[in-house]
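See structure below.
The values are calculated or read from the model by the stated rules, or taken from the named source; none is laboratory data. Because the structure is a prediction, the values reported are computed rather than measured. Here the Cβ is made from the backbone with ideal geometry for all residues, glycine too, and neighbour counts use every protein chain on show.
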Amino acid sequence: MASVNKVILIGNLGRDPEVRYTPSGTAVANFSIATTENWTNREGQKESRTEWHRIVAWGRLGEICGEYLSKGSPVYIEGRIQTNEWQDQEGNKRETKEIVASSMQMLGSRPPAESVQDKRPSPEPETGSKESIGDDIPF
């Protein structure tokens with residue numbers, strides 16, 4: 001039988017993405033997002049629980065995350081769960097679960113062009129008009 005490992009999350013970034021590059025030049029972005037579940041308990045009181053998810057985005061997707069996402073940004077992430085095993089300094093076996101992103105969609109309103117432009121390495125368009133944010137992002 002076939003199996004499926006697919007995760008869909010909608011949440012807000014807990015911190016700015018951290019982008020690094022492998023020795024071969026591949027970008028990798030790491031960030032976390034929070035998802036919150038709200039419900040009413042038996043006594044009629046509202047309750048909530050927040051879960052934090054580690055996200056890893058590779059290649060061009062990682063670069064885009066680093067350029068356009070920031071702490072608090074609402075975001076839609078699709079990916080798969082991956083478990084990393086490692087040993088701590090005392091030699092104990094540890095595991096970390098993370099979501100390896102395959103797709104990302106920015107949600108909410110777009111920030112002013114000036115705030116995104118500050119994070120972009122490219123200069124202003126020669127026409128003198130502000131280019132539309134996100135028109136050149138392949139999603």
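Counting just the residues of the range 70-96 that are among the small types (G, A, S) and in contact (Cβ under 8 Å) with a residue 60 or more places away in the chain, which one comes out surrounded by the most Cβ atoms within 10 Å (Cβ to Cβ)? Spell out how you get there, then give the answer.
Initially, the range 70-96 is screened for residues among the small types (G, A, S), giving 70, 72-73, 79, 91.
Next, only the ones that are in contact (Cβ under 8 Å) with a residue 60 or more places away in the chain stay: 72-73, 79.
Numbers: G72: 12, S73: 19, G79: 22.
Once the filter is applied, the top-ranked residue is G79.
Given the range 32-121, what strands (runs of 3 or more DSSP E) lie entirely inside it while holding 2 or more residues that are at pLDDT 95 or above, β-branched (V, I, T) and within 14 Å of I10 (Cβ to Cβ)? Even if it seems obvious, please write down each step before you answer.
Details: elements: 46-58, 74-87, 93-106.
It comes to 46-58, 74-87.
Given the conditions (1) exposed (fewer than 10 other Cβ atoms within 10 Å of the Cβ); (2) assigned to a strand (DSSP E or B); (3) modelled with pLDDT under 95, and given that P138 satisfies all but one, which numbered condition is not satisfied?
That leaves (2) as the condition not met.
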